[in-house]
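Nothing in this text is a laboratory measurement; each read-out follows from the coordinates by a stated rule. All figures in this text were calculated on a predicted structure; none of them were measured in a lab. All Cβ positions, even for glycine, are placed from backbone atoms using ideal geometry, and neighbour counts span all protein chains on display.
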Amino acid sequence: MDLGSGLRRALKKLTGAALVDERTVRETIKEIQRVLISGDVNVSLVSELSKRIEKRALDDRALKGIGGREHVVKVVYEELAAFMGEKHEPKMQKQKILLLGLFGSGKTTTAGKLARMFKKKGLSVGVICCDTMRPAAYEQLQQVAERADAHFYGKKGEKDAAKIAHEALAVAKEDVLILDSAGRSAFDNELNDELRAIAKVFVADEKLLVINADIGQVAKRQAEEFNKAVGLTGVIITKMDGSGKGGGALSAVAASGAKVSYIGTGEKQDDLEPFDAKKFVGRLLGFPDLESLMAKVKEVASETKIDEKALMEEKFTIKMFYDQLKAAKKMGPLKGVFQMLGAPDVPKEMVEQSEGKLKMYETIINSMTPAERNDASLLKKNHSRLERIAKGSGAKPEQVRELLTNFEKMEKMMGQFKKNRGFRRQMEKMMKGGFGGGMPGAG
Ligand SMILES: Nc1nc2c(ncn2[C@@H]2O[C@H](COP(=O)(O)OP(=O)(O)OP(=O)(O)O)[C@@H](O)[C@H]2O)c(=O)[nH]1
Ligand SMILES: [Mg+2]
């Protein structure tokens, strides 16, 4: 399960709950914890995050007031975003960029991506091959440069990386210079010395550590090691497209105090984006920004409302019955809602209708005449009508009968509801508090 679908599922606990109360909040947080830990986010970081979410989400006034649901969703969204980092705005100006990182982290590929990004903004770009370790590093970067339409600098056979940097700097005239350095299988003294020597000569404006999302929470240690060596200005996390540990890597970098500058989302040169934590989390949750997320929460809340007006009407019809079932499905177990109103339990099997069964009910109901849909008594013990409906909908007569039995159970319950004098008031209260306001005609 990837981070996005996991978080979306966790959030569904909130958006789909009949009532957002302390328990719902705690359950949502638990689910978020599970998702993050399985995405290799550090356990103690997860626990800190949970505490922050809990503290803010359970703020009494906000939770109980109008829009309690929106309040909690907003808190979750904001805290997750802060947890993953900040927003990076690349400066489109003359600059020198030093790329560093371990073997295979994506340095050379990223050099091409950055080159392309600056080229697109109208800046001239040069790339410098200072990787004297990897066989054919020279040719690889040369090809990458060509594809990005950037100037290539390098010196085949030269073993001194700092010397290559020095010579390139002496002749390069481009606005943006990107230096691709050599990796190692792990951070060691040799790499440390080499990077320091390059940094001394190159004097970079940006020193960007390139890491692979797959290393997850190990990113923290790497960021610290490289930061100690050369003083990082940022981290680029590559392969976000193929890793379930991107969340772990992002949060670990944020915790190390370093800043995530870019994320790589594919092998092509266009697959790079300046990192924006809010946008990133929004996308994970399936929304471009907080506003549209809020809009969706409101929409679900108003969709799942019980049609109070219909409930108060004299006659309970098959159409209302079907709407009710659909609402119950969206809202999750309806049982709790009815219980809160002091009404008898809705038969469990009715609440737990499967999608397939609901579809079948829909087909059956479509085969009824408008008169039948409005007056179920026409169907009572009327064999020929039942047969006709079964034939028309392709359902078995038992299935039509089952629908009617369920309908009658609900009808009976509704009768009891209407006798309950406090019902209307309780209903209004619940709608306002639990469904975030958005209910027209509830006043
Ligand atoms: N899916 C995906 N693949 C990527 C991404 N970035 C890099 N890669 C791939 O990762 C592999 C290694 O990338 P390189 O750019 O050669 O890595 P490097 O850090 O230069 O490696 P060394 O020079 O050996 O230290 C290549 O196959 C790239 O295509 C990314 O964002 N997504
Ligand atoms: Mg390379």
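Normalising the average separation of contacting C-alpha pairs (under 8 angstrom, six or more residues apart) by the number of residues puts the relative contact order of the stretch 1-101 at 25 percent. Listed cross-link partners Lys121/Lys239; Lys245/Lys278; Lys96/Lys279; Lys121/Lys220; Lys51/Lys359; Lys55/Lys239 are compared with a 30 Å cut-off, the Cα-Cα value being larger for Lys121/Lys220; Lys51/Lys359; Lys55/Lys239. Close amide H pairs (under 5 Å, H built 1.01 Å from N) link Lys207 with Leu98, Thr233, Gly234, residues at least 5 positions away or on another chain. Scanning residues 5 or more positions from Lys87 or on other chains, those with amide H under 5 Å from its amide H are Ala277, with H placed 1.01 Å from N in the peptide plane.
Computed 3J(HN,Hα) for the stretch 160-173, one whole-Hz value per residue from the Karplus formula 6.51 cos²θ - 1.76 cosθ + 1.60 where θ = phi - 60°, is 8, 4, 4, 5, 4, 4, 4, 5, 5, 4, 5, 10, 5, 10, glycine and proline marked x. Here the extension length gained between Asn192 and Glu158 equals 10.3 nm, from 0.36 nm per residue of separation less the Cα-Cα distance.
List the GluC sites (Glu not before Pro) within the stretch 117-221 that fall in a DSSP loop (any state other than H, G, I, E or B) and whose Cβ has at most 15 other Cβ atoms within 10 Å. If you can, show how the numbers build up before the last one.
On the way: sites: Glu139, Glu146, Glu158, Glu167, Glu174, Glu190, Glu194, Glu206; in loops: Glu158, Glu174.
Qualifying residues, ordered by number: Glu158.
Zone of Ser44 (label point 7 Å along Cα→Cβ, backbone N under 19 Å): which residues in the stretch 218-258? Zone members listed by number: 218-225, 248-258. 3J(HN,Hα) couplings calculated from phi for the stretch 132-144 with the Karplus curve 6.51 cos²θ - 1.76 cosθ + 1.60 (θ = phi - 60°) are, in sequence order, 9, 9, 5, x, 6, 4, 4, 5, 4, 5, 4, 5, 4 Hz; Gly and Pro show x. Take the alpha carbon gyration tensor of the stretch 75-116, find the square roots of its eigenvalues, order them as a ≥ b ≥ c, and report rounded if a/c is under 1.5; if not, report prolate when a/b exceeds b/c, else oblate. Verdict is oblate for the stretch 75-116.
Across the stretch 116-126, coupling constants 3J(HN,Hα) worked out from phi with the 6.51/-1.76/1.60 Karplus curve, θ = phi - 60°, read 5, 4, 5, 4, 4, 8, x, 8, 7, 10, x Hz, and Gly and Pro carry x.
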